[in-house]
1. Restricting attention to the range A:264-311, report how many residues are in a helix (DSSP H, G or I) and either farther than 15 Å from A:ILE396 by Cβ or within 16 Å of DNA strand B (Cβ to nearest atom) (or both).
2. Out of curiosity, is A:VAL667 within 17 Å of the chain's Cα centre (by Cα) and of a type in the set (A, V, I, L, M, F, W, C)?
3. Any chance you could count how many residues in the range A:621-652 are touching a residue at least 60 places away in the same chain (Cβ under 8 Å), open to solvent by less than 30 Å² (accessible area, probe 1.4 Å) and either within 14 Å of DNA strand B (Cβ to nearest atom) or in the same structural domain as A:ILE504 (by TED's automatic domain parsing) (or both)?
4. All but one of (1) of a type in the set (Phe, Trp, Tyr); (2) buried (at least 16 other Cβ atoms within 10 Å of the Cβ); (3) over 24 Å from A:GLY435 (Cα atoms) hold for A:TYR248; which doesn't?
5. Would you check if there is a residue in the range A:206-215 being in the same structural domain as A:ALA128 (by TED's automatic domain parsing), of a type in the set (Lys, Arg) and assigned to a helix (DSSP H, G or I)?
6. Would you check if A:ARG753 is outside any strand (DSSP E or B), closer than 28 Å to A:LEU877 by Cα and not hydroxyl-bearing (Ser, Thr, Tyr)?
7. Given (1) touching a Lys or Arg at 6+ places or on another chain (Cβ under 7 Å); (2) surrounded by fewer than 16 Cβ atoms within 10 Å (Cβ to Cβ); (3) not hydrophobic (A, V, I, L, M, F, W, C), where does A:GLU496 come up short, assuming only one miss?
8. Consider the range A:465-488. How many of its residues are farther than 21 Å from A:ALA168 by Cα and either touching a residue at least 24 places away in the same chain (Cβ under 8 Å) or open to solvent by 70 Å² or more (accessible area, probe 1.4 Å) (or both)?
Amino acid sequence: MNTNPKPLFAAIDQCMLADRHRLRMRLRRLKGKPLSMIAAEIEVSQQKRQQRQANLPIPTYPEELPVSERRAEILAAIQEHQVVIVAGETGSGKTTQLPKICLDAGRGVTGLIGHTQPRRIAARSVAARIASELQSELGHAVGYKVRFSDHTRPESYIKLMTDGILLAESQTDRFLNQYDTLIIDEAHERSLNIDFLLGYLHQLLPKRPDLKLIITSATIDTERFSQHFSNAPIITVSGRTFPVEMRYRPLQAEDDDDQDRDIQQAICDAVDELAREGQGDVLIFLPGEREIRETTETLRKHHPSHTEILPLYARLSASDQNKIFQSHKGRRIVLSTNVAETSLTVPGIRYVIDPGLVRLSRYSHRTKVQRLPIEKISQASANQRAGRCGRVGAGICIRLYSEDEFLARPEFTDPEIKRSNLASVILQMKSLQLGDIENFPFVEAPENRLVTDGYKLLEELGAVDARKQLTGSGRQLAKLPLDPRVARMVLAGKDENSLSEMLIIASALSVQEPRERPHDKQQKADEKHKAFVDDKSDFIAYINLWRIYHEQSKHLTNNKLRKWCRDNFISYMRMREWHDVHVQLKSVVRELGWTLNQQSVGFDALHRALLAGLLGNVANKNDKKEFTGARGIKLNIFPGSVLFKKAPKWIMAAELIETGRMYARTVAKIEPEWIETVAADLCKRSYFEPHWEKKPAAVMVYERLTLYGLLVNPRRKIHYGRINPVDARELFIRGALVEGEFNTRAGFFEHNRKMIADIEALEAKLRRRDVLVDDQVLFDFYDKRVPDDIFDGRRFEQWYKQTEQKQPKFLYLKKEDLMLHQAVAVTEVQFPNSLDIEGMTLKLDYHFEPSHAEDGVTLTVPLPALNLLRPQRFEWLVPGLLHEKICQLLKSLPKSIRRNFVPVPNFADACLEALAVTDSALLESLQKQLLRMTGVKITNMDWDLIS
DNA sequence: GAGCACTGC
């Protein structure tokens, strides 16, 4: 039995790259067991490789292409270096010839030659072109893979794909082992995908020393790519283009006498100037649809003759776009957005007019919202535009700005990674465990604040925690081929059992708007689109459109369905794209083990799930009918929305975008209460007016709830105990125990209440407030005894019951707990609770509250007894108060008399002792006694009884 | 009272 694995390890080195890792792992695990099974597999993989080597296509090269002349040089560079930069303009042939040169270099045998393009159309057409040059059927030696369709075979050598596909593959094949060579084409476009890929490859190359990487770019900024890949060699291939004459025609007049022109006028002048140059089509670059429309009208008035004027932009229907490929007589002027700069090549252009403007997407750090400002284009972009007229012959480019201005412009357009919210990139990196984005080897690192905002959005969606770590739901979001916000909706849809509806909406939000609204048929289109409208939600309109369309598709032929789409101003192509995304989402969701609801879901549940992804896009209408969104930004409902005319108080939007104004697009009515349930953790809460309430026997507080500064709930009463148990306990002790606002049968409560009442009664008799301890002492008494976690009636009763059994009366106050000093003077003799008069016992009440009607001592007399009483008796009050009264009387005497009775309290004491309560008047008894003691005679007139 | 262009697990 052969148990020596060594030769097999060596044999694995001759296997297909994609198999090696798996085979090595298995071989390692076998340790000492029979190796026959794995040996067979190794054999298969080796044979596959040998077969590929044997069948390797032998390329031929069209000699007229500039790249063909540099073949040997490029081939040598590929063999000597891991990374090669190939720079060349359009027409150099690099895109079609490089993969063939790679074949010649022996690449493509142990693994595929992967070749990326920024766009699906390009991936497909380049594949077709190379296949035909290798005289192989498309999908055999040369295949392509774009979203929704994979046309490659195991025996393919070259695989064209979008850069997004390669990036997506890295999620399941971390080492990209199916490739032995990668060509990243059009790297100068610097899309998010390309920048992410270049960073990814930077850290992959050391782990895959056998992998070759070729980066191709227009001849701009190639140094940057070279530096990023440790000074990789740059091979520059000339383009096969014709010279373009540059003419600068700024809007500002050169002479002071001349008037400045506006862009419309300048375009007309430029068209006239080019008309004098002779035959040839003109391409004019404009920032947007509106400008194209305006200029079309200006030019129609200006050139009424046989000039054909064609608009061109991405939103235009396919048939209108295709007009640029139809032959024509006379002069053609194409007015185009940036589609014609990179994505689409307009054939037969001899002249370009470039006003130098573009509408560019820029993420605003200030408002956290995507903007679409019109900006001046970069030099690179201007040159790219000029190049569009040098493809069929010498061209002329008229720039509607000066050369100085051109030179003053930035050299390159900011790459997308510096203009985007990075949530999606960060989420993918986290899920790939690529470490922190801050340390990721980007060609150009995005600004920190963009990274911060990316993390913030992910935190809002619950994809990362406060420590920026990926959460469980973050891992799930990363698996969905969707924008993170939309992915979050789908996840919530799973939880709310509304996945069926949610997948329709999520796929709709991922594709371009399928409803068409041609400028000349706006009303007709709106009329047709009314069939899909829901009066509370633009999201429901997508579901309605989806259902109606699929109902039609069931019984209509393809052609009839297309016609139905045309009649209803729906883009058939985009419906197909929507459908395809939906199919893909369904399959991803199935793999995740999620199930689609069979029963349709209600409005609320569906929109709560949508809200989970759109918390940052919530807005609230104020009294002036203006909307305020997160962080105080003012916004408007997009006029195309169903809610535009009658807007509800609260809305959420699928997207916020700032163009002319800040617009909320795809909008639905929401209830603010949903925010509380969906965003419980995200809402900021402040608390005010905590207070004890007798009836619920709890400390209550008002809560103020805001989300990103929006007032979701201004005043909601809730229990304070769970929010701040320490404060709540204090308020409980004060309110319930000290102040006694408490319904309880606990024994201590009545006892303590009575104890305090007794002392208060005592104070009333003494006419002073310094006997009963103050509330703070009472508080301290309870504070010492009540445990920390007792802050409401229910908890208190429970604890009291248990503790009372072990320590009876443990909460009973004693007299000494309550009295500041021993009020010895207070005896029953001094302050009797009743008076015996005329054989009756009459109740006495004491009250100490100056200026109150009942201040003093109150004798309660039954009405029939009233005329039996003699008023003189009451001048004597009660003994405890008589002393003070005598003092006051003595002090009221005129000074000449008063000085005989100093010190007054002593004389008062003496009088008190000598006098017995009689029915005679107090003043007369006093006068007699004082005369007896001092010989001073006082008359009734001497007393001042008023003050 | 109305938006540049692409792409994907």
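The values are calculated or read from the model by the stated rules, or taken from the named source; none is laboratory data. Since the model is a prediction, treat every value here as computed from it, not as a measurement. Cβ: placed from backbone, ideal geometry, glycine included. Neighbour counts: every protein chain shown. Ligands, DNA and RNA are excluded from the accessible area calculation, which covers all protein heavy atoms including side chains. Shrake-Rupley method; radii C 1.70, N 1.55, O 1.52, S 1.80 Å.
1. 18
2. Here the answer is yes, as A:VAL667 does meet what is asked.
3. 2
4. The failed condition is (2).
5. yes
6. In short, no.
7. The single condition A:GLU496 does not satisfy is (2).
8. 4
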